[in-house]
Amino acid sequence: MEVIKKVLVIGGGVAGIQAALDIADGGYQVILVEKTPSVGGHMAQYAEVFPTLDCPQCILTPKMVDVGQHSNITLLTYAELQKVSGEVGNFTVEILQKARKVNHKKCTGCGTCWQKCPEKVPSEYDAGIADRAAIYIPFAQAVPAKPVIDTEHCRYIKHLEFVEGETEGKRPPQCRICERLCPAEAIDWEQEAQTITEQVGAIVVATGFDLMPIKRLPEYAEDPDVIDGIQFERMLSPGGPNAGVVRRPSDGKIPGEVVFVSCAGSRDPEHGVPHCSRVCCMYLAKQAMLYKHAVHDSQAHIFYIDTRTTGKGYEEFLQRTMTEGTVYLRGKVSRIYRDGDKLKVMGVDTLSGKQVEVSADLVVLGMAMLPSVGAKDMAARLGIATDEQGFFTESHIKIDPLESTRPGIYLAGTAQGPKDIPDSVAQGSGAASKVLGLFARSEMTPEGLTVG
Amino acid sequence: MDLSYYPGCTLKTRALNFEDSAIAAMAVLGVNLIELPRWNCCGTVYSMTDDDLAHHIAPVRNLVRIAEQGSDRVVTLCSFCYNTLKRADLLMRNSPEKRNTINTFMDDEIDYDGQVEVVHLLEVLRDDVGWEAVARKVKTSLEGLKVAPYYGCTLTRPQEIAIDSVESPTVLQGLMQAVGTTVLDFPLATECCGSFEIVSDPDAVIERAYTILGMAQRKGADAIVVSCPLCAHNLGHKQAEIAGKYSDFTGMPIVYFTQLLALAVGVNPEVCRFDLNFGGVEALLRDRGLIPQRV
């Protein structure tokens, strides 16, 4: 049986981007499917990345543009894998292209629509600390830089649904401002979701991670000034909602004292997550450093269990954070609560053997890294195994870390387990080399093994 | 409904206000708390030493007494008693080897292997009676009274025996809302009161108490509602000393949940023994017109 020399890459984060580019550069056709309206993934949200503090916009955006323009890559954003059948060398995949309600062939990406849209929705890219419009591109450097209409929140779509449903109550306004103002007449209310069927020889799964929601740790107070690491990245980012000025959500005050909590949810079997999330030690050290650079005469405390800095240049980075005045307290935090204008962080310093209470204007939780929402459904669709958390299981944890449990389906990035950017990129390239190796053969034997 | 009731030592001495108000209030709600004819010390503190089985004999013997009289459920008021009895029961259910050793040691008694369910009165109120039924029985709503719920540790720790969420319990809130009080968001509701450190390190307990009481005062609480006699003691009896040390502390009434429940369902205030409470509970209730002025 002939090997179909075309690959499906699921997930447009840095791991999926790397895998797609390497396979495309190897001369084979790639279909890159991303469920959000833009590639970039979590990395695009970060302010600056450790250990070299380069800006992800500078190092990631070129790769994003490459996948958007590569002649061997078909980029399907706002799309999701629905169904897989067949076997290694010859899979049939069904992909649902969600309705964008915008004709991307006509759209020039001028931006008039998303600037004028009156509806405001919490921005996924800004992790909820700022709003976006109902017609939007997720962020300025989005690829493609053409918008989609969020049909759940669009006023006109709500109006149409209201009229069709013949429901009682107040009719939502007609709106259609985007349509009236669009110079390219690209708004297409008739556009429907469509299913795309493709034949591919291999699949790379790079569906990434999501952070554990803070509400799973009720002892860490539901308070607007208790935020997670990605939200703080957006605050620190020069391209973020406050242009890099750190302001706490409750009252916009610039926080003079910030407490960072490592292992919030991770390494905590009591909360069902025994694993180490691997990146929190480093990004909290980085965030503390960036915060102290942004707010002079400020105080940063980091609660930690151990500092795990196993990457190249990481320990040196940590030492720098410590010498620049961030105070490390070895112990866990038992409770965070509001006391007037301040948050109180109760914990223990196991080096002095004393209970401590640190006051803070803002608390940043290094929440546990979990598989992206829907990973278990994805595994079921792909027919591959996951561990208890939903991270995809590799064929062998040590010597086959790139293969899934199903031949022809490869793993890349944090979908397989928590990892940092260098490891995600390396695994993306590794999965690509596996696919290229497969595509170097032209025939499959009945046993599913490739022959030359 | 009749329920076997295990009192424990403190309810017969320092915490008469807890016991008397509970029995009277539950009678109004149609639950008769029937004290065990024979009981002994609950063991006070559950021994964490793996091979220290002798410490579990006291609570197990109580469970045997309860099983002997044909009851399969026992209710406690004191949360320390709840903790030791419930954990001893769990040990006897889950560790066949230890169960065997303990049963053999007490060869004059019937064997115990988990015949009795140990419950706390708050569970009975929540699960058997229900907040709506409590609310229907309220004669004097305690509206306007702002309370801070305080759980202490032994009702919700360890997790295996918790009567409610370990980190964010709500059972006292449910009850206190049913009797009409305003329940404040109290972040220190599950903080340790200092517990038995009161014996060896009273100064540490004073610091704990000041933290908890001070927070309640800043939150605008009229009183702290407790469910444990040791919490009541630790938060209550050193308040004059705390006020002497910290000038911003002016006193905080400490009241058992059963006393406010009793008051709300129409039990004679004299039965509630507010005279035994710390922190000026009588003055507060008089001020609010909830108990008669002193003649």
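Mind telling me which of the residues B:Glu197, B:Glu160 ends up being within 14 Å of another protein chain (Cβ to nearest Cβ), acidic (Asp, Glu) and in contact (Cβ under 8 Å) with a residue 40 or more places away in the chain?
Working: B:Glu197 fails: in contact (Cβ under 8 Å) with a residue 40 or more places away in the chain.
Step by step, each of B:Glu197, B:Glu160 is checked, and only B:Glu160 is within 14 Å of another protein chain (Cβ to nearest Cβ), acidic (Asp, Glu) and in contact (Cβ under 8 Å) with a residue 40 or more places away in the chain.
Yes/no matrix, rows are residues, columns are (1) crowded, with 21+ Cβ neighbours inside 10 Å; (2) free of Cβ contacts under 8 Å to residues at least 24 places away in the same chain; (3) over 19 Å from the mean Cα position of the chain (by Cα):
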site: A:Pro51; (1), (2), (3): no, no, yes
site: A:Cys55; (1), (2), (3): no, no, no
site: A:Ile59; (1), (2), (3): no, yes, no
site: A:Thr112; (1), (2), (3): no, no, yes
site: A:Lys120; (1), (2), (3): no, yes, yes
site: A:Tyr125; (1), (2), (3): yes, no, no
site: A:Tyr136; (1), (2), (3): yes, no, no
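Would you tally the residues in the stretch A:329-346 being within 13 Å of chain B (Cβ to nearest Cβ) and either within 24 Å of A:Gly252 (Cβ to Cβ) or of a type outside the set (A, V, I, L, M) (or both)? Outline the logic, then answer.
Of the residues in the stretch A:329-346, the ones within 13 Å of chain B (Cβ to nearest Cβ) are A:333-346.
Among the residues that remain, those that are also either within 24 Å of A:Gly252 (Cβ to Cβ) or of a type outside the set (A, V, I, L, M) (or both) are: A:334-345.
Final tally of qualifying residues: 12.
Pairs only if they're at least six apart or on different chains, beta carbon under 9 angstrom, first in the stretch A:265-290 and within 14 Å of chain B (Cβ to nearest Cβ), second part of a helix (DSSP H, G or I) and surrounded by fewer than 18 Cβ atoms within 10 Å (Cβ to Cβ); list them, first residue then second.
These pairs meet every condition: A:Gly265/A:Arg216; A:Gly265/A:His271; A:Glu270/B:Gln159; A:His271/A:Arg216; A:Gly272/A:Arg216.
Do we find a residue being touching a residue at least 24 places away in the same chain (Cβ under 8 Å), touching a Phe, Trp or Tyr at 6+ places or on another chain (Cβ under 9 Å), surrounded by 22 or more Cβ atoms within 10 Å (Cβ to Cβ) and away from every other protein chain (no Cβ under 14 Å) anywhere in the stretch B:137-148? First the steps, then the outcome.
Residues of the stretch B:137-148 that are touching a residue at least 24 places away in the same chain (Cβ under 8 Å), as a first pass: B:137-148.
Now restrict to residues that are touching a Phe, Trp or Tyr at 6+ places or on another chain (Cβ under 9 Å): B:147-148.
With the extra rule that they be surrounded by 22 or more Cβ atoms within 10 Å (Cβ to Cβ), the set shrinks to B:147-148.
With away from every other protein chain (no Cβ under 14 Å) added as a condition, the list becomes B:147.
Yes - at least one qualifying residue is present in the stretch B:137-148.
Can you tell me which residue within the stretch A:345-403, out of those that are small (Gly, Ala, Ser) and touching a Lys or Arg at 6+ places or on another chain (Cβ under 8 Å), is surrounded by the fewest Cβ atoms within 10 Å (Cβ to Cβ)? Step through it out loud before you land on a result.
Just the residues of the stretch A:345-403 that are small (Gly, Ala, Ser), to begin with: A:347, A:352-353, A:359-360, A:366, A:368, A:372, A:374-375, A:379-380, A:383, A:385, A:390, A:395.
Next, from what is left, pick out any that are touching a Lys or Arg at 6+ places or on another chain (Cβ under 8 Å): A:347, A:359-360, A:383, A:390.
Values: A:Gly347: 21, A:Ser359: 16, A:Ala360: 23, A:Gly383: 13, A:Gly390: 18.
Taking the candidates together, the pick is A:Gly383.
On the basis of being away from every other protein chain (no Cβ under 14 Å), in contact with a strand residue (DSSP E or B) (Cβ under 6 Å, 6 or more places away or on another chain), part of a helix (DSSP H, G or I) and not hydroxyl-bearing (Ser, Thr, Tyr), does A:Glu164 make the cut? If you could, list the steps in order and put the result at the bottom.
Working: away from every other protein chain (no Cβ under 14 Å): yes; in contact with a strand residue (DSSP E or B) (Cβ under 6 Å, 6 or more places away or on another chain): no; part of a helix (DSSP H, G or I): yes; not hydroxyl-bearing (Ser, Thr, Tyr): yes.
Against the criterion (away from every other protein chain (no Cβ under 14 Å), in contact with a strand residue (DSSP E or B) (Cβ under 6 Å, 6 or more places away or on another chain), part of a helix (DSSP H, G or I) and not hydroxyl-bearing (Ser, Thr, Tyr)), A:Glu164 does not qualify.
The rows are residues; the columns are (1) of a type in the set (Phe, Trp, Tyr); (2) surrounded by fewer than 19 Cβ atoms within 10 Å (Cβ to Cβ); (3) assigned by TED's automatic domain parsing to the domain that holds B:Val205.
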site: B:Val225; (1), (2), (3): no, no, yes
site: B:Leu235; (1), (2), (3): no, no, yes
site: B:Ser247; (1), (2), (3): no, yes, yes
site: B:Gln259; (1), (2), (3): no, no, yes
site: B:Ala283; (1), (2), (3): no, yes, yes
site: B:Gln293; (1), (2), (3): no, yes, no
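What number of residues within the stretch B:270-295 are touching an Asp or Glu at 6+ places or on another chain (Cβ under 8 Å) and closer than 16 Å to B:Arg14 by Cα?
The number of residues fulfilling the criteria is 5.
Of all residues in the stretch B:48-76, count the ones that are among the polar types (S, T, N, Q) and over 23 Å from the mean Cα position of the chain (by Cα). Let's see the steps before the verdict.
The initial filter retains those residues of the stretch B:48-76 that are among the polar types (S, T, N, Q), namely B:49, B:62, B:69, B:71, B:76.
Next, only the ones that are over 23 Å from the mean Cα position of the chain (by Cα) stay: B:49, B:69.
Residues meeting the conditions: 2.
Of the conditions (1) within 14 Å of chain B (Cβ to nearest Cβ); (2) touching a Pro at 6+ places or on another chain (Cβ under 9 Å); (3) among the hydroxyl-bearing types (Ser, Thr, Tyr), A:Ser298 satisfies every one except a single condition; which number is it?
Every condition holds for A:Ser298 apart from (1).
Does A:Val148 fit the bill of being out of contact with any helix residue (DSSP H, G or I) (no Cβ under 9 Å at 6 or more places or on another chain), outside the structural domain of A:His70 (by TED's automatic domain parsing) and surrounded by 13 or more Cβ atoms within 10 Å (Cβ to Cβ)?
Working: out of contact with any helix residue (DSSP H, G or I) (no Cβ under 9 Å at 6 or more places or on another chain): yes; outside the structural domain of A:His70 (by TED's automatic domain parsing): yes; surrounded by 13 or more Cβ atoms within 10 Å (Cβ to Cβ): yes.
For A:Val148, the condition - out of contact with any helix residue (DSSP H, G or I) (no Cβ under 9 Å at 6 or more places or on another chain), outside the structural domain of A:His70 (by TED's automatic domain parsing) and surrounded by 13 or more Cβ atoms within 10 Å (Cβ to Cβ) - is met.
I need the full set of residues from the stretch A:234-283 which are out of contact with any His (no Cβ under 8 Å at 6 or more places or on another chain), small (Gly, Ala, Ser) and surrounded by 18 or more Cβ atoms within 10 Å (Cβ to Cβ), in order please. Write out each step before concluding.
Residues of the stretch A:234-283 that are out of contact with any His (no Cβ under 8 Å at 6 or more places or on another chain), as a first pass: A:234-256, A:261-264, A:268-283.
Imposing the further condition that a residue be small (Gly, Ala, Ser) reduces the set to A:237, A:239-240, A:243-244, A:250, A:252, A:256, A:262, A:264, A:272, A:277.
Matches in the stretch A:234-283: A:Ser237, A:Gly240, A:Ser262, A:Ala264, A:Ser277.
Can you spot a residue in the stretch A:415-427 that is in a strand (DSSP E or B) and assigned by TED's automatic domain parsing to the domain that holds A:Ala47? Can you show your working first?
Filtering the stretch A:415-427 down to residues in a strand (DSSP E or B) leaves none.
No, because not a single residue in the stretch A:415-427 is in a strand (DSSP E or B) and assigned by TED's automatic domain parsing to the domain that holds A:Ala47.
In the stretch A:212-238, which residues are under 16 Å from A:Glu270 (Cα atoms), part of a helix (DSSP H, G or I) and either more than 10 Å from chain B (Cβ to nearest Cβ) or of a type in the set (Phe, Trp, Tyr) (or both)?
Scanning the stretch A:212-238 gives A:Ile214, A:Lys215, A:Arg216, A:Tyr220.
Just the residues that are free of Cβ contacts under 8 Å to residues at least 60 places away in the same chain and either among the β-branched types (Val, Ile, Thr) or surrounded by fewer than 24 Cβ atoms within 10 Å (Cβ to Cβ) (or both), please, taken from the stretch A:22-42. Walk me through how you get there before you give the answer.
To start, the set of residues in the stretch A:22-42 that are free of Cβ contacts under 8 Å to residues at least 60 places away in the same chain comprises A:24-25, A:27, A:29-30, A:32, A:34-35.
If the condition is that a residue be free of Cβ contacts under 8 Å to residues at least 60 places away in the same chain and either among the β-branched types (Val, Ile, Thr) or surrounded by fewer than 24 Cβ atoms within 10 Å (Cβ to Cβ) (or both), then A:Ala24, A:Asp25, A:Gly27, A:Gln29, A:Val30, A:Lys35 are the ones that fit.
Select from the stretch A:147-161 the residues that are within 26 Å of A:Leu76 (Cβ to Cβ) and either in a loop (DSSP other than H, G, I, E, B) or among the basic types (Lys, Arg) (or both) and list them in ascending order.
A:Pro147, A:Asp150, A:Thr151, A:Glu152, A:His153, A:Cys154
Output the residue which, of all residues in the stretch B:254-295 that are basic (Lys, Arg) and not in a helix (DSSP H, G or I), is farthest from B:Val171 (Cα to Cα). Outline the logic, then answer.
Looking only at the stretch B:254-295, we keep the residues that are basic (Lys, Arg), and these are B:273, B:286, B:288, B:294.
Next cut, not in a helix (DSSP H, G or I) only: B:273, B:288, B:294.
On the way: B:Arg273: 24, B:Arg288: 25, B:Arg294: 33 Å.
Among those that are basic (Lys, Arg) and not in a helix (DSSP H, G or I), it is B:Arg294.
Here is a check on your reading of the model: is A:Gly366 away from chain B (no Cβ under 14 Å) and assigned to a strand (DSSP E or B)? Steps first, answer last, please.
Details: away from chain B (no Cβ under 14 Å): yes; assigned to a strand (DSSP E or B): yes.
Answer is yes for this residue.
The values are calculated or read from the model by the stated rules, or taken from the named source; none is laboratory data. In this text the structure is predicted, and so the values were computed from the model without any measurement. A quick note on method: Cβ atoms are made from the backbone with ideal geometry, for glycine too, and the neighbour counts reach across all protein chains shown.
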